[in-house]
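What follows is a set of notes on a single structure, which appears directly below.
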Amino acid sequence: MREYKLVVLGSGGVGKSALTVQFVQGIFVEKYDPTIEDSYRKAVEADNVQCMLEILDTAGTEQFTAMRDLYMKNGQGFLLVYAITAQSTFTDLTELREQILRVKDQDSVPMVLAGNKCDLEDERTVGKDQGATLAKQFSCAFFETSAKAKIMVNEIFFDLVRQINKQTPTGEKKKKKGGWCSLL
């Protein structure tokens with residue numbers, strides 16, 4: 001079974017953990033509890049192929065940014081999350097993407113931009129067109145999601161898997177085997 005290392009990044013409070021837990025366990029976590037780092041594993045079938053997803057849910061707070069280089073170096077696909085209700089979380093993503101590309105020393109990597117909390121339309125401060133424009137600049141897929149209403153949650157993770165498959169078809173050898181724990 002092929003393994004995929006996915007990294008969920010974004011500012012604090014955008015719903016990274018809520019999206020990840022909704023995808024892995026099918027439940028919505030209502031209470032905000034800042035994450036330091038959580039790792040999840042889930043076996044899925046993508047395009048008729050069995051896959052094991054290792055999803056690293058990262059800290060959104062500044063005090064843990066030193067750990068980011070390690071996540072970025074070892075991640076294969078990146079989910080960049082912002083809250084449609086907070087402009088600053090949207091603005092932060094350009095720097096995050098630049099850091100990923102710098103650490104991986106590549107021009108492009110499998111990436112999805114997710115505007116979360118689309119169920120809170122009346123509190124929106126980031127337009128859908130802004131998200132689409134940024135995704136075009138990033139040359140990546142874009143979805144508006146809601147962990148609470150379970151909107152486009154599975155799609156963001158499956159899209160990343162498909163991008164990784166396009167970039168590194170199954171026949172190619174992986175550099176090394178090991179989970180996130182082998183990094184620390």
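The values are calculated or read from the model by the stated rules, or taken from the named source; none is laboratory data. This is a predicted model, so every value here is computed, not measured. Glycine also receives a Cβ, built like all others from the backbone with ideal geometry; neighbour counts cover every protein chain displayed. Ligands, DNA and RNA are excluded from the accessible area calculation, which covers all protein heavy atoms including side chains. Shrake-Rupley method; radii C 1.70, N 1.55, O 1.52, S 1.80 Å.
Arrange the residues ARG102, ARG162 by how much accessible surface each exposes, largest first, with a 1.4 angstrom probe.
On the way: ARG102 165, ARG162 100 Å².
Largest accessible area first, the residues go ARG102, ARG162.
Using a cut-off of under 19 Å, list every residue of region 121-165 whose amide N is near the label point 7 Å from the Cα of SER108 along the Cα-to-beta-carbon line.
131-143, 156-165
Using a Gaussian network model on the chain with a 10 Å cutoff between Cα atoms, which of GLN50, GLN76, GLN163 fluctuates the most?
GLN50
Rounded, prolate or oblate: which fits the chain, taking a ≥ b ≥ c as square roots of the Cα gyration tensor eigenvalues, rounded meaning a/c under 1.5, else prolate when a/b beats b/c? Present the calculation step by step, with values, prior to reporting the outcome.
Values: a/c = 1.42, a/b = 1.35, b/c = 1.05.
Rounded.
How large, in percent, is the carbon and sulfur part of the accessible surface of the chain at a probe radius of 1.4 Å? Could you put the intermediate results ahead of the total?
Details: 4720 of 9440 Å².
Carbon plus sulfur share of accessible area: 50 percent.
If the cut-off is a Cα-Cα distance under 16 Å, which aspartates and glutamates reach LYS148, setting aside same-chain residues fewer than 8 apart in sequence?
Correct list for LYS148: GLU30, ASP33, ASP119, GLU121, ASP122, GLU123.
Select from region 1-57 those GluC sites (Glu not before Pro) which occupy a DSSP coil region and have at most 12 other Cβ atoms within 10 Å, ordered by residue number.
Details: sites: GLU3, GLU30, GLU37, GLU45, GLU54; in loops: GLU30.
Counting only loop positions with at most 12 other Cβ atoms within 10 Å, the GluC sites (Glu not before Pro) in region 1-57 are GLU30.
May I ask you to derive the FRET efficiency for ASN48 and GLU95 from their Cβ-Cβ distance with R0 = 45 Å, giving the value to the nearest 0.05?
Working: r = 38 Å, r/R0 = 0.84.
About 0.75, to the nearest 0.05.
With r as the distance between the Cβ atoms of ASN154 and ALA132 and R0 = 30 Å, compute the FRET efficiency 1/(1 + (r/R0)^6) and round to 0.05. Present the calculation step by step, with values, prior to reporting the outcome.
On the way: r = 20 Å, r/R0 = 0.68.
FRET efficiency, ALA132 to ASN154: 0.90.
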